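Each remark here refers to the structure printed beneath this line.
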Amino acid sequence: MNETEQMLTAILNCRRDELHLNKLSLTQSQQHTFDTMKKRRKAGEPLQYILGNCDFMGTLLKVDPRVLIPRPETEILVEKIQIQWRARKVEPLHILDLGTGSGNIAIVLAKYFINASVTALDKSADAVALAEENARDHKLTERIRFICGDMQNFLNRQMNPDEKFDMIVSNPPYIRTKDMNTLPDDVKQEPVMALDGGADGLDFYRMIVSQAGDFLNPNGMIYFEIGDGQFPAVQRMFQDTNSFDNVAVIKDYRETERIISAQVSA
Ligand code: GLN
């Protein structure tokens, strides 16, 4: 669907094939809503914020300026986990999602692994509130525990003394601070907190990799989404700890290394 069709199907609550764009008739208030949407879009607001939702792997999630809009690249991360863990048959799976944002990764994994329990952390209370709403919409509140808190404090075990997980998943902020002002206009409307990964964009990978070993069960895995050109540095982080093997990478639709995974050493 193009953007106009997405706006109209949202306003009319109909499918694309019901639109008949050439003889479309809108009530006055629908026309007003449509005009407002177009105006907001022209002013550079991301389409998904205007619509109030987005599709992530076939799951409809509420999104607004409190959270990063889930990206198609992140679907590659979730697919990889689904394929690897469907085969492993560990039950119940314990999943830790660091920097959950809208809750997209946590929610889709909890839907897919029907016995999994997910812990999802975010520093932003606003993001956690929206992610909880999304979990409620999908009836997953009993299996997803949201924690509002700082990742470093969490990793220092200030929040959970001894829990272990089968996997840690994260799409952390990974844009270099000095690149923040070169982002496209619509991305600039997304939360800085969800994008800025520090001077070299790697702050969160360093933080997680250095402490993750202590959080993982035997055979446990880490899965990260990474930014352009960050693969060699993150791979080195895993190797330097001597606690991870089987570092693997997956490229995205533009042939850019986008997902990295590693397994905790036996
Ligand atoms: N993929 C986002 C972008 O290109 C960045 C998301 C992130 O920092 N994790 O803007």
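Any read-out appearing in this document is the output of simple, stated calculations on the displayed coordinates, not a laboratory observation. All of these numbers come straight from a predicted model, not from anything done at the bench. Note that we place each Cβ from the backbone using ideal geometry, even for glycine, and neighbour counts take in every protein chain shown.
When you filter the trypsin sites (Lys or Arg not before Pro) in the range 1-102 for DSSP loop state and at most 12 other Cβ atoms inside 10 Å of their Cβ, you are left with Arg15, Lys89.
Starting from the Cα-Cα distance between Gln239 and Glu5, subtract it from 0.36 nm times their residue separation and give me the gain in nm to one decimal.
Working: separation 234, 0.36 × 234 = 84.24 nm, distance 4.80 nm.
In short, 79.4 nm is gained.
Remark: relative contact order (the range 1-112) = 19 percent; criterion is Cα-Cα distance under 8 angstrom and separation of 6 or more residues. Rounded to the nearest 10 degrees, the angle from helix 231-241 to the longest Cα principal axis of the chain is 30 degrees.
If R0 is taken as 41 Å, the Cβ-Cβ distance between Asp186 and Ala266 corresponds to a FRET efficiency of 0.35.
Looking at the chain, the DSSP beta bridges with both ends there are about 45 percent antiparallel.
Spin-label model, Ala199 to Val249: label points 7 Å out along the Cα-to-beta-carbon direction sit 2.4 nm apart. Report, in degrees rounded to the nearest 10, the 0 to 90 angle that the Cα long axis of helix 72-88 makes with the longest principal axis of the chain. For helix 72-88, the angle is close to 50 degrees. Cross-link partners of Lys39 among lysines, defined as those whose alpha carbon lies under 23 angstrom from its own and excluding same-chain residues fewer than eight positions apart: Lys23, Lys62, Lys188.
In whole percent, what relative contact order does the range 70-214 give with Cα contacts below 8 Å and a gap of six or more residues?
Values: 211 pairs, mean separation 31.8, N = 145.
Computed value for the range 70-214: 22 percent relative contact order.
Residues whose amide H lies under 5 Å from that of Ala120, counting only those 5 or more places away or on a different chain, are Asp97, Arg145, Phe146, Ile147; hydrogens are built 1.01 Å from N in the peptide plane.
Assuming R0 = 22 Å, what is the FRET efficiency of Glu91 and Asn217, from their Cβ-Cβ distance, to the nearest 0.05? Before the final figure, lay out the partial values.
Details: r = 13 Å, r/R0 = 0.58.
The calculated FRET efficiency here is 0.95.
Extension gain for the segment Asp64 to Gln84, taken as residue separation times 0.36 nm less the Cα-Cα distance, is 4.0 nm to one decimal. A crude spin-label estimate for the pair Ile114 and His32, with each label 7 Å from Cα along the Cβ direction, gives 4.6 nm. In this rough spin-label picture, where each label sits 7 Å from Cα along the Cβ direction, the Arg136-Glu18 distance is 2.7 nm. Relative contact order of the chain, please, whole-number percent, based on alpha carbon pairs below 8 angstrom and at least 6 residues apart. It comes to 15 percent, rounded to a whole number.
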